[in-house]
Amino acid sequence: MTRRTLTLKSKRFREERQEVWKEMESMLQRIESRSVRSLTDEEIIKLPRLYRSTLSSLSVARATSLDQSVVAYLESLSTRAYYVIYGSQKRLRDRIYGFFARDWPLAVQGAWKDLSASTFIFALGMLIGFVLVANNPDWFYSFMDERMASGRTPAASEEYLRETIYGYEKEDGGLGAFAAFLFSNNSRVSILAFALGFAFALPTAVLLLYNGLSIGAFIAVFTGKDLGFEVGGWLAIHGTTELFAIALAGAGGILIGRAVAFPGEMTRMESMRSKAEQAAIILGGVVVMMFVAGLIEGFGRQLIQNDWLRYGIGGFMLLFWLLYFFLPRKALEPHQALRK
Amino acid sequence: MQIKMGRRHLVTPEGVDLQIELADVGARIGAFTIDLVIITLILIAAAYGLSSMSLYNEELAVTIFVLIAFLMRSFYFTLFELGRRSATPGKMALKIRVAARGKARLSAASVFARNALREIGFFLPLGFLFGIGMGGVDGWISLLASIWAGIFLFFPLFNKDRLRVGDLVAGTWVVRAPRPMLAADLVTTDKPEHEAVFARFVFTPAQIDAYGIKELHVLEDVLRASDREVLEDVANRIRTKIGWVWESGENETAFLRAYYAALRGRLESKMLMGVRRKDKFDKR
């Protein structure tokens, strides 16, 4: 009964099509291990045809073949091809450029309400911390960890405080190491402020308030010894960047929390999902700002001792960030957005 | 349309449902463990390499180490998942990948967001737990941290799409990305003399109709695994079931392959008529 093997339609189907599948597979292999640019022009033209042919093979195989291995093979091949064809093919270079030129500032612009809210909470925290400690220095110890303050407490002498403003920070192993430590620490706090946002932004607000409290308390210690102007410069040089970044991270958290709390017509899930991307872009930028702040703090602040220069650099950075974020800029044209 | 467990519809713009398969929780845990081991090894190697350097420039060595540790903790997952395979080395090893839920493209922001949530789900509570040993926090906080971490840890077990909290927020999920080879067709006979051996087996329609698709697929698995004992056992069962007269010197593999071809031919021709005979109890 040789007829049997010859008339199996699924077998004939496979024999006729499998060259196409193999070709698709080898092309996918090259795209995944290198990139689309490793293909020749003819291959690029061929790719969509091979993809559609593989997809149609999958449909036919599902309807006519009972060979599990063929169906499983075609399913995985089609899925891989789908992710390659409909995935993002932008180069890393273009992605980075797009992020700084458009995505990040636009995401921040779109979240101006949240940025105002987080700045307000942050500033409120500073004010409360300042007023409390200025009136009763004992409050200081309830906000600040003694180890973190490293001796800069209300009990410290004026000379010591003055020294911390202009001196080097020895205890953490020198300039560069200190900057790196601050950068990684601040970035993690920012990631935290963002990640906790989904709980109606409450933890984010608490984190902002608490950070504000300790900064306010810290300033109050110095103003108590008539070092207000000097500590202002000490903070401003990097603080305009760093505090701005913290406020932005808080804005990201509030953005998500607000979407969860007030979903409008969407479900809470969809609402959160719709804002998560924007918040993540803001946060990605925050890490960059923290890096800049870390550099200024670790190097600039220790090397520049003049108060006015410190204020000048701080003011310049603030102006720079504000202009960068809020100067009007064009969003992508629809046809460009499609290619993205 | 009916779909198997653990699979999800993904209809391409061409109108074909790819029916992607979710990664199982075991594979996810395995992948994460592999990644953690890799990160730890890199950090140990970096510490070892930098320790010799710290002899003449301690500050620079510490700086580099802090930066490497930060990059590893915050960007190891993100950078790999932004790559062409959308998977970390651990995920690649277990043949799974990250994908956007639904038809959206996997954006860099989604990958960033899903991994930022790792910070509160894993690293933060871990930090609290280590805090006890260093006298940093008291027992209550570490208990709370454990509960907190537990919620995040077991989250994928309690939703149908096996989403981690990060997946939920970022709109992603983790799917299987197997890369099977195209195995040889079992009805193909590569040599003419095999054809002659096959031709000796002739089954009556009643004998062929003994089984359905489910049994055919089991038979396919058995033939592909080709374990001698199992082959013998299965061959005996089928012979008994269909009342096959045993000829001496009959080869089990040849018998099973011949029966497989006959059964597949029968079931496939039924399929062309619109009848999918599910299993042997399905009398169609």
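Descriptive notes on the structure:
- Taken about its Cα centre, segment A:26-74 carries a charge dipole of about 100 debye when Lys and Arg each add +1 at the Cβ and Asp and Glu each add -1 at the Cβ.
- Working note: 222 nm ellipticity from helices only, DSSP H runs with n ≥ 4, each -39,500 (n - 2.57), summed and divided by the residues of chain B, gives -18000 deg cm²/dmol to the nearest 500.
- About the Cα centre, charge dipole magnitude for the protein assembly as shown (Lys/Arg +1, Asp/Glu -1 at Cβ), debye: 3100
- Taking every lysine pair in chain B that is 8 or more places apart or spans two chains, those with Cα atoms closer than 24 Å amount to 26.
- Selection from A:LEU192, A:GLY300, A:ALA155 lying farthest towards where the dipole of chain A points positive, charges on Cβ: A:LEU192
- Subtracting the Cα-Cα distance of A:LEU319 and A:GLU42 from their residue separation scaled by 0.36 nm leaves 94.6 nm.
- Residue with peak Gaussian network fluctuation, chain A [Cα springs, cutoff 10 Å], from A:ILE304, A:ILE256, A:ILE282: A:ILE304
- Its Cα gyration tensor gives segment B:192-272 an equivalent ellipsoid, and the semi-axes of that ellipsoid, as √(5λ) in whole Å with the largest first, are 18, 15, 13.
- Close amide H contacts of B:GLY212 (hydrogens built in the peptide plane, cut-off under 5 Å, sequence separation of 5 or more or a different chain): B:LYS280.
- Each of A:VAL231, A:PHE99, A:LEU182 was placed along the dipole of segment A:94-339 (beta-carbon charges, centred on the mean Cα), and the one lying farthest toward the positive end is A:PHE99.
- Max mean-square fluctuation residue, GNM over chain B, Cα-Cα springs under 10 Å, options B:ARG237, B:ARG73, B:ARG164: B:ARG237
- J(HN,Hα) series, segment A:59-72, from Karplus relation 6.51 cos²θ - 1.76 cosθ + 1.60, nearest Hz, glycine and proline x: 4, 5, 4, 5, 7, 10, 9, 10, 7, 4, 5, 5, 5, 5
- Using the Karplus relation 6.51 cos²θ - 1.76 cosθ + 1.60 with θ = phi - 60°, the per-residue 3J(HN,Hα) values for segment B:102-111 come to x, 9, 5, 7, 6, 8, 4, 5, 5, 4 Hz, with x marking Gly and Pro.
- Using bins of 20 Å that start at zero, the share of Cα-Cα pairs per bin across the protein assembly as shown amounts to 16, 40, 26, 14, 5, 0, in whole %.
- ³J(HN,Hα), Karplus 6.51/-1.76/1.60, whole Hz, each residue of segment B:51-68, x for Gly, Pro: 5, 6, 6, 5, 4, 10, 9, 5, 4, 4, 4, 5, 4, 4, 5, 4, 5, 4
- Backbone amide hydrogens, once placed in the peptide plane, bring A:ALA201 within less than 5 Å of A:GLY257, excluding anything fewer than 5 places away on its chain.
- Take the Cα of B:ALA93, step 7 Å toward its Cβ, do the same at B:GLU195, and the gap between the two points is 4.9 nm.
- Most mobile of A:LEU323, A:LEU208, A:LEU58 in a GNM of chain A (Cα contacts under 10 Å): A:LEU58
- At R0 = 30 Å, FRET efficiency that the Cβ-Cβ distance of A:TYR210 and A:VAL292 yields, to 0.05: 0.80
- Considering helices alone, the calculated mean residue ellipticity of chain A at 222 nm is -25500 deg cm²/dmol, with DSSP H runs of length four and up weighted by -39500 (n - 2.57) and normalised per residue.
Every number in this text was worked out from the coordinates using simple rules, so none of it is lab data. Predicted, not measured: the structure shown is a model, and the values here were computed from it. For neighbour counting, all protein chains shown are included, and Cβ atoms are generated from backbone atoms with ideal geometry for every residue, glycine included.
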